[in-house]
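Right, one structure below, let's go through it.
The values are calculated or read from the model by the stated rules, or taken from the named source; none is laboratory data. Model, not experiment: these values are computed from the prediction. In this analysis, Cβ positions are derived from the backbone assuming ideal geometry, glycine residues included, and neighbour counts consider all displayed protein chains. Quick note on the areas: whole protein, heavy atoms, side chains included, nothing else; ligands and nucleic acids left out. Shrake-Rupley method; radii C 1.70, N 1.55, O 1.52, S 1.80 Å.
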Amino acid sequence: MMNSVNEQVFASPDYKRSRMAYRMECTFEYFLALLVGDAFLAKLLSAIGLSDGLIGIVSSLVTLAFLFQLVAILVVQRIGNVKRFVILLQAGSHLLFSCLYFIPFFPWALVYKEILVVVCILAAYFGKYLVNSMLYKWGNAFVDPNKRASFSAGKEMISLASGIVMTLILGHVMDAFEAANDLNGGFIFAAVAMMIFNACDVVSMLLMKKSAQEGE
């Protein structure tokens, strides 16, 4: 009887919508991650004027940023509205990432740009990793525990397949701007693309219902 009830719950329209929205969220989040990945980030930092050594240091900070997830252990139990908290911090983090592409246009001394780059990256990853585990738990709450492996596999396949296409498109566009000696135009394109992906990511999370523990 209990299994039958659980199957009905996971088959409900709200749960189906939430699962689809979670798949969409993961895909758009992956698109955003691509634009602050190694190749794009290195091109941006080089254009700003950072030395190869400093670019390596910044890349190392990105690698170690996952340690920010440890902070989530201290705050996760104190969050009353997980949905609102995750959406605000996730959207804010992605907005900070998109702001990186505007730094080359600032008429500041290089040292101030370097400081701003580091601050933006650390603040963005802090917010992102702070809610990472909360988002994972929230999204998977709508998946039947007996089907989570297949669901996760399908979700990753969608993200990776669409990510390959998106990488080719973004790379081609950035190369076209660079070939036309208009790399700043490429940065504007990247920033606008990130804002669009961020908006889609937010909409996806808004379509997900609150967790059962929050009473929706």
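General remarks:
- Listed residues 73, 158 arranged by accessible area, highest first, probe 1.4 Å: 73, 158
- With all protein chains in place and ligands, DNA and RNA left out, the 1.4 Å accessible area ranks 59, 18, 46 as 46, 59, 18, largest first.
- Packing-based ranking of 136-149, 21-34 yields 21-34, 136-149, ordered from highest to lowest mean Cβ neighbour count within 10 Å.
- Per residue, the convex hull spanned by the Cα atoms of the chain measures out at 126 cubic angstrom.
- Accessible area of residue 66 in the full protein assembly, 1.4 Å probe (Å², nearest 10): 100
- Scalar couplings 3J(HN,Hα) for region 11-20, obtained by applying the Karplus form with A = 6.51, B = -1.76, C = 1.60 to θ = phi - 60°, are 8, 5, x, 4, 6, 5, 4, 5, 5, 5 Hz; x denotes Gly and Pro.
- Candidates 77, 30, 154 compared by Cα position along the dipole of the chain: farthest toward the positive end lies 77, with charges placed on Cβ.
- Here the Karplus curve 6.51 cos²θ - 1.76 cosθ + 1.60, taken at θ = phi - 60°, turns the phi angles of region 34-44 into couplings of 4, 7, 10, x, 3, 5, 5, 5, 5, 5, 5 Hz, with x standing for Gly and Pro.
- Per residue, region 13-54 exposes 44 Å² of accessible surface when a 1.4 Å probe is rolled over the protein heavy atoms with every protein chain present.
- Summing +1 for each Lys or Arg and -1 for each Asp or Glu among the other residues whose beta-carbon sits under 15 angstrom from that of residue 37 gives 0.
- Candidate lysines for bridging to residue 209, where Cα separation is under 23 Å - those fewer than 8 sequence places away on the same chain excluded: 16, 83, 128, 137, 147, 155
- Per residue, the accessible area of region 166-214 comes to 50 Å², computed with a 1.4 Å probe over protein heavy atoms only.
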